[in-house]
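The values are calculated or read from the model by the stated rules, or taken from the named source; none is laboratory data. It should be emphasised that the depicted structure is a prediction, and the values quoted were computed from it without experimental measurement. Neighbour counts run over all protein chains shown; Cβ positions are idealised from the backbone, glycine included. Accessible surface is based on the protein model in full, side chains and every heavy atom, while ligands, DNA and RNA are left aside. Shrake-Rupley method; radii C 1.70, N 1.55, O 1.52, S 1.80 Å.
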Amino acid sequence: MRFRLVAAAAVLAIVSVCAASSPASSPERSMRAQAEPGATADVRVRLVREPSAEWRRDVVVKQKAPKRVSGMLIEISIATQRLTAWQDGVVMLSTPISTGMPGYDTPPGHFHVLFKNPNAWSAKWGVIMPWALNIHGNYFIHQVTHYPGSTVNIGESRLGTRASHGCVRVGTAAAERLYRWARVGTPVWIH
C-alpha cells in the first residue's frame, strides 16, 4: 500500500511539472487496453484546461488487472479515485470519480448492481442523481448531481478527489456510458 501511495505521488509530481508546458487542451481518447491477470495497464495523463482557466488532471497510474478475467466487473479505487469497467479482462471504461469525503466514507468491499434508475432522487440531499446504479443500501454509482430545474452539475470540478457523501460520483460523459453498459448483477469491487 505504501508503494502505491509513493508511486501515485510521483506521478502527480510529474503531472504538476508538466502542466505549465502542456497545450491548452488535450483530446479525450477512448482507453481500451488488453490486460492479462496480474499485468499492468498503461500510465496515461490527460491535462484539461477548464473554462475557469484552471487545470484539471486526470491521472491513471499503473494498476494490476483484477483476478476475475471473465465477465463484467466495475472496479473502484478509493486511493486513486478512479473507476475502471472491465469486460473479459479488457478495460471498457476508465474515468476519474469522487468517493466519500472523510466522515462520509464509501464502504469498501464486494457488491453487485442491485437496480438501475436513470433519474434517481436523493431526498436526503435534495438532488437528482442521473444514471444511478444502486450497489448497497443508499450507496449509488451515479453522474454528478444537480438540483431540480437546474443544469449545473454539482462536483464536476472535484472529480478525482474525495468529495461525495458516500456515493461514487462519475462525470457526465462517462456516467451514461457506464449505466448503459452495466447490468443488474454486475459485480462491483471497491477498494
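Things to note:
- Span from the segment 162-191 Cα centroid across to the segment 72-129 one, whole angstrom: 3 Å
- The 3J(HN,Hα) values that the Karplus relation (6.51, -1.76, 1.60; θ = phi - 60°) gives for segment 121-134 are, in residue order, 10, 9, 5, 4, 9, x, 10, 8, 10, x, 6, 8, 10, 7 Hz. Gly and Pro appear as x.
- For segment 144-157, putting each phi into the Karplus relation 6.51 cos²θ - 1.76 cosθ + 1.60 with θ = phi - 60° gives couplings of 3, 7, 8, 7, x, x, 10, 10, 7, 7, 8, x, 4, 6 Hz, in residue order, rounded to whole numbers and with x for Gly and Pro.
- For Trp121, the residues 5 or more places off, or on other chains, whose built amide H falls under 5 Å of its own are Met129.
- Amide H contacts of Val168: Phe140, Ile141, His142, each under 5 Å away and 5 or more positions distant or on a separate chain (H built 1.01 Å from N in the peptide plane; Pro and chain starts excluded).
- Available extension along the chain between Ala173 and His112 is 19.7 nm, counting 0.36 nm per residue and deducting the alpha carbon span.
- Between Ala182 and any residue 5 or more places off or on another chain, the built amide H atoms are never under 5 Å apart.
- Calculated accessible area for segment 73-176 comes out at 42 Å² per residue, all protein chains present (probe 1.4 Å; ligands, DNA, RNA ignored).
- Set of segment 105-138 residues, backbone N closer than 20 Å to the point 7 Å along the Cα-Cβ line of Ala79: 105-111
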